Amino acid sequence: MTDPDVLSGGAVAAPSAPPPATPTARRRQVPETAALIFVLLALGVFFSLRSEFFLNYDNFVNILTAAAVTGIIAAPATMLLIAGQFDLSVGSAAAFCGAVLASLALHNDIYFSVFVAVLAGIGIGMANGFLVTVVGINALITTLGTLAVFRGLTQVITDGQTTSIDRFSGLGTSRPLFDIPLPVFIFAGVALAFWFLSRYTVFGRSMYAIGANPAAARLNGIRSKRVIFLGFVLSGLCVAIGGLILASQLGAASPQAANGLELSVVTAVILGGASLAGGRGSILGTMLGLLIIGTLNNGLVLLNVSSFWQTVAQGALLIAAVSFDQLRIRLTTR
Amino acid sequence: MTEPFHLQAKAIRKSFGGVEVLHGVDLDAVGGTVLALLGENGAGKSTLVRILAGDHAPDSGEIVVNGEAHAVLDPIGARTLGVRMIFQELSDAPALTVAENISLGRWPGRRGIVRWREVRERAVRALDELGVDIDPAAPVATLRIGERQAVEIARAISDKARCLILDEPTAALSAQEVERLFLAVRRLRERGTAIVYITHRLDEVVQIADRVEVLRDGAVVLEREVAGTSRAELVTAMVGRAVGEVARPDDAGIDGTAAPVLSFSGAASDGAFADIDLDVRGGEVVALYGKLGSGTAEVAESAFGLRALTAGDCTLKGAPHAPGAPHEAIAAGVGLVPADRQREGTFMVRSVAENLSVPSWGRIARKGLLRRASEARAYKRWHDELSIRSRNDPEQLIGTLSGGNQQKVVLGRWLERDSDVLVLIEPTRGVDVGARMEIYRVIRRLAREGMGVLVATSDYEEVVQLADRAAVMARGRIVGDLDGDAITTERLTELAGG
């Protein structure tokens, strides 16, 4: 019932173990991220052959810079999806934080304005967390609601106009090292922090347990509501950071900023192997998913494909990733 | 009716992924008789009957129905021949009414317009034939589980089923519901239906079946009339070795003077139980036995923070114990092994090591940091002690272990957590006979290490094989206490039935 190489391991699965060869056992031989690395390399080779501009340092920095904000937000989103939760409000919440910053910076100290904008992000995370854990509304619906609410509020604050911000370009555009923009370093720091959080902390492991089996998590003493609440707060915090970077890059707060960001984030997370059924996924996978999307977008631009088609490609990629996840669920639950 | 219906499977072979799970199996189902198909989990029962129902195609062999041979059956072909299977997981449409469910997929009518009167009449006829009293207009979701099963059987009858395959039909039923099911099965037998009854409960074989066929490791090891076959013979055939039938544990009998670790006095919870006085001492296994719905599981849940007491007291190690949630109960030193392992016990897509250490994370971690090495240590320690059969890889997914070994991991959790009291609800439901004995050994070991163990169960054989003391419950109250060798299947059933 198990592979011969498994049997030779000494201890033998019970002879009555259920039928076919266990795909999970075989799959473990190869890291799950191997397929993603392969796709990424294949894309790299393809675009290198098709465009002379692809394979150079500056272009790679471009890819990373374009992925930075999405990546900063995709890290907590990965943790949330592992626990079976979604945050769709990320795009409008990021725009809202930018708008808060811009409107405060008109009459206030910039540091104070940044501080309040970050608090706003955390506040949105707390609101989402409260609605999901205490009121008990499904996360998809909750954050779909807050998505609309904060996009609307952003327009209210900015009066529908792009509001410029002075003396705030450093966060988004300075290049402290190797000619790489600061957001890329922040992105790397956030990714590293969440990688550590997911692997080495009780909080991170609890996220996996909650996603794998909410009822069992509760019966094993995991305080699921707290953990999920904290997950949304972390998401809010990272959304604020992302929103500030966007505002800084643009030098202004736009009411349409980060429109559709949730699509990019969810695509990267699912492409990275986080399961819609919960309990599976990794930060490393999400980062690879992100790079695949980034490389694809970058390559399509270099090949002069219209940006309208990029949106089509991204949607198709999301559906492909989810189909792949479904296939895997079906294989592993046999 | 002239000839009785006759379904034969001949020399059926079937492989999955290169491993043969049926090695040339025969089966005879004759109209007007009940054939019990007995075997442990994984013996091939389900595969065999799925082939009969057309769900799987056999690799070789044939299926002969009333003398006509078929190499392969598809689900529709099997249905046309009158072979119908009732799965353990009901396949009804809960939002629809009983009558709608019975006509589901074969609506009477013309040009797509349903004739509702006939839908209703059909339902009344089928339910009548079964001898069950269910309102055809009631939505199925409002029915009890036994009634829903009856509706599925009625659907099969109404679709002219001549051979009915029941896959462990009593697994989720209460005692009264089992009675009703048996009545229905006997009625169908009188009508000339051939019944294949899959089970691993021996008492059911004796009660309901005319013939019995035992499968082990994909082959038929015994096939004969039930009359004149002893339980010991059946067990030996199933397990492949002689198993002491419901023997008392040999290390039973402990110091009865020690102070209890868990104690209920006059405990009550609205609508579930009342006047519960019960002590569990460190080092003993106390069983709370009663039929499903008698309140045993609810008492167990109250010790784990899943249900609040509305009167009386509960103490843990002498201190008041009123946990408001599982995490409080765990912190106080109580562990729980829930009844439904898949839904509440295991994290299927996570590793064995992780499953073993979940409730101990708070302890293993330093300042919230958790190292895989410490999980692996916990794993190493219990893997051997509990003889968990696996690849001996801490990262192996628990979902790839057999049910019995998964349950050992769930038990091991509380050893690792070093709990003072362990509460188990139906600890061996869905576990096969061989693994059951091993789980009993593990539970006895937990007690020997000083844990107080409370087992809520509706399986009287389990009580005899496991418990130092037993309290029998009926309708939410304790109706009798048994001690040591006074715990016998006869006394237990007698008390619980009253």
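Annotations for the structure displayed:
- Which numbered condition A:F232 misses (of (1) free of Cβ contacts under 8 Å to residues at least 12 places away in the same chain; (2) at negative phi): (1)
- Of the residues making up the range B:386-419, those that are acidic (D, E) and at the interface with chain A (Cβ under 10 Å from one of its Cβ atoms) are B:D393, B:E395.
- Which listed residue is of a type in the set (D, E, K, R), within 14 Å of chain B (Cβ to nearest Cβ) and in contact with a Pro (Cβ under 7 Å, 6 or more places away or on another chain), from A:R175, A:R218, A:R226: A:R218
Let's see how each residue does on (1) β-branched (V, I, T); (2) modelled with pLDDT under 85; (3) on the phi < 0 side of the Ramachandran plot:
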{"residue": "A:L219", "(1), (2), (3)": "no, no, yes"}
{"residue": "A:K225", "(1), (2), (3)": "no, no, yes"}
{"residue": "A:I241", "(1), (2), (3)": "yes, no, yes"}
{"residue": "A:A258", "(1), (2), (3)": "no, yes, no"}
{"residue": "A:L263", "(1), (2), (3)": "no, no, yes"}
{"residue": "A:I270", "(1), (2), (3)": "yes, no, yes"}
{"residue": "A:L331", "(1), (2), (3)": "no, yes, yes"}
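- As a summary of the residue check, A:V132 satisfies the conditions (1) modelled with pLDDT of 85 or more; (2) in contact with a Ser or Thr (Cβ under 8 Å, 6 or more places away or on another chain); (3) more than 21 Å from A:L230 (Cβ to Cβ) except for the one numbered (3).
- Pairs where the first residue, in the range B:405-427, is on the phi > 0 side of the Ramachandran plot and the second is assigned to a loop (DSSP other than H, G, I, E, B), C-beta under 6 Å, 6+ apart: B:E426/B:A339
- Only listed residue being at pLDDT 80 or above and under 19 Å from B:R162 (Cα atoms), chosen from B:G61, B:G82: B:G82
- Scope the range B:350-384; condition part of a loop (DSSP other than H, G, I, E, B), at the interface with chain A (Cβ under 9 Å from one of its Cβ atoms) and not small (G, A, S); matching residues: B:R350, B:L370, B:R371
- Meets criteria (surrounded by fewer than 21 Cβ atoms within 10 Å (Cβ to Cβ) and within 7 Å of chain A (Cβ to nearest Cβ)) for B:R343: yes
- Residue within the range B:373-396 that is under 22 Å from the mean Cα position of the chain (by Cα) and closer than 30 Å to B:A175 by Cα present: no
This table checks each residue for (1) over 16 Å from B:A194 (Cβ atoms); (2) touching a residue at least 60 places away in the same chain (Cβ under 8 Å); (3) away from chain A (no Cβ under 13 Å); (4) of a type in the set (D, E).
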| position | (1), (2), (3), (4) |
| --- | --- |
| B:P4 | no, yes, yes, no |
| B:G24 | yes, yes, yes, no |
| B:K45 | yes, yes, no, no |
| B:P58 | yes, no, yes, no |
| B:G67 | no, yes, yes, no |
| B:L73 | no, no, yes, no |
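- Residues in the range A:89-131 that are assigned to a loop (DSSP other than H, G, I, E, B) and of a type outside the set (A, V, I, L, M): 4 in all.
- With a requirement of 1 or more residues that are within 19 Å of B:R201 (Cβ to Cβ), the strands (runs of 3 or more DSSP E) lying completely within the range B:438-498 that satisfy it span B:452-457.
- Hits in the range B:420-444 - residues which are within 23 Å of B:W361 (Cβ to Cβ) and either acidic (D, E) or more than 11 Å from every other protein chain (Cβ to nearest Cβ) (or both): B:D420, B:V421, B:L422, B:L424, B:V442
- Odd one out for B:S351 among (1) under 25 Å from the mean Cα position of the chain (by Cα); (2) over 18 Å from A:G204 (Cβ atoms): (2)
- Filter pass, B:D468 being of a type in the set (D, E), buried (at least 17 other Cβ atoms within 10 Å of the Cβ) and within 18 Å of the chain's Cα centre (by Cα): no
- Residue in the range B:384-395 that is out of contact with any Lys or Arg (no Cβ under 7 Å at 6 or more places or on another chain), of a type in the set (G, A, S) and within 20 Å of A:G211 (Cα to Cα) present: no
- Qualifying positions in the range B:186-201 - crowded, with 21+ Cβ neighbours inside 10 Å and either out of contact with any Lys or Arg (no Cβ under 8 Å at 6 or more places or on another chain) or small (G, A, S) (or both): B:L188, B:A194, B:V196, B:Y197, B:T199, B:H200
- Among the residues of the range B:302-350, those that are under 23 Å from B:T457 (Cβ atoms) and β-branched (V, I, T) comprise B:I330, B:V334, B:V337, B:T346.
- Within the range A:178-209, the set of residues being among the aromatic types (F, W, Y), more than 8 Å from chain B (Cβ to nearest Cβ) and surrounded by fewer than 18 Cβ atoms within 10 Å (Cβ to Cβ) comprises A:F178, A:F185, A:F196.
- All of (1) buried (at least 24 other Cβ atoms within 10 Å of the Cβ); (2) under 30 Å from B:D418 (Cβ atoms) hold for A:V227 with one exception: (1).
- Restricting the range A:144-177 to residues that are in contact with a Phe, Trp or Tyr (Cβ under 9 Å, 6 or more places away or on another chain) and not in a helix (DSSP H, G or I), the residue that is surrounded by the most Cβ atoms within 10 Å (Cβ to Cβ): A:P176
The values are calculated or read from the model by the stated rules, or taken from the named source; none is laboratory data. The shown structure was predicted, so the numbers you read here are calculated from the model rather than taken from an experiment. We place every Cβ from the backbone using ideal geometry, glycine too, and count neighbours over all the protein chains shown.
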